[in-house]
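Please treat every number below as a calculation from the coordinates, not as lab data. Source: prediction; values computed, not measured. For neighbour counting, all protein chains shown are included, and Cβ atoms are generated from backbone atoms with ideal geometry for every residue, glycine included.
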Amino acid sequence: MSYGKGAYSDPYGSRPGSGNNSSAYGNPGSYAANQSARSVFQSDKSDQQLAEHIKKALANDEVAPKQKHVRECILYTWDMKGSGSLWLGLKGYPMYGDEIVTFKGLILVHKVINGGHPRVRLEGPVP
């Protein structure tokens, strides 16, 4: 029985510097290809889900926006590597008629800017 270099495989994939670059962790090209395919095929579904999360986060209750909906908006920016649909969804949402919804919108925008993808700041609406 041979205990050579490939006798024991790393259960988490190869790590940088280990010499085995066959997994997605050690091969950055395969991860990028998977992410772009995911973005293309799930963009319509995720845009609908984003609109639903914005709607639920900005509900007209006198409580803070639910963390799970805010978190989904933040994760959307990381999944899509940007925030164009988020800003369009917020722009189309009727926020200015009610001060509670406006305040919740400000909370959502603040948390997305702080925790979202770095391109969120660049793609944000400019007055």
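The string of couplings for region 98-114 from the Karplus curve (6.51, -1.76, 1.60, θ = phi - 60°) is 9, 5, 5, 5, 4, 5, 5, x, 5, 4, 4, 4, 4, 5, 5, 5, 6 Hz, one whole number per residue in order, with x for Gly and Pro. Sites listed here are GluC sites (Glu not before Pro) in region 39-103 whose DSSP assignment is loop and whose Cβ has at most 10 other Cβ atoms within 10 Å: Glu62.
Couplings 3J(HN,Hα) of region 60-70, computed from phi: 8, 10, 8, 9, 5, x, 5, 4, 5, 6, 5 Hz, in residue order, whole Hz [Karplus 6.51 cos²θ - 1.76 cosθ + 1.60, θ = phi - 60°; x for Gly and Pro].
Extension gain, Trp87-Asn60: 0.36 nm per intervening residue step, less the Cα-Cα distance, totals 7.7 nm.
Taking all Cα pairs closer than 8 Å and separated by 6 or more residues, the relative contact order of region 49-109 comes to 41 percent.
Taking Lys and Arg as +1 and Asp and Glu as -1, the other residues whose beta-carbon sits under 12 Å from that of Phe103 total -3.
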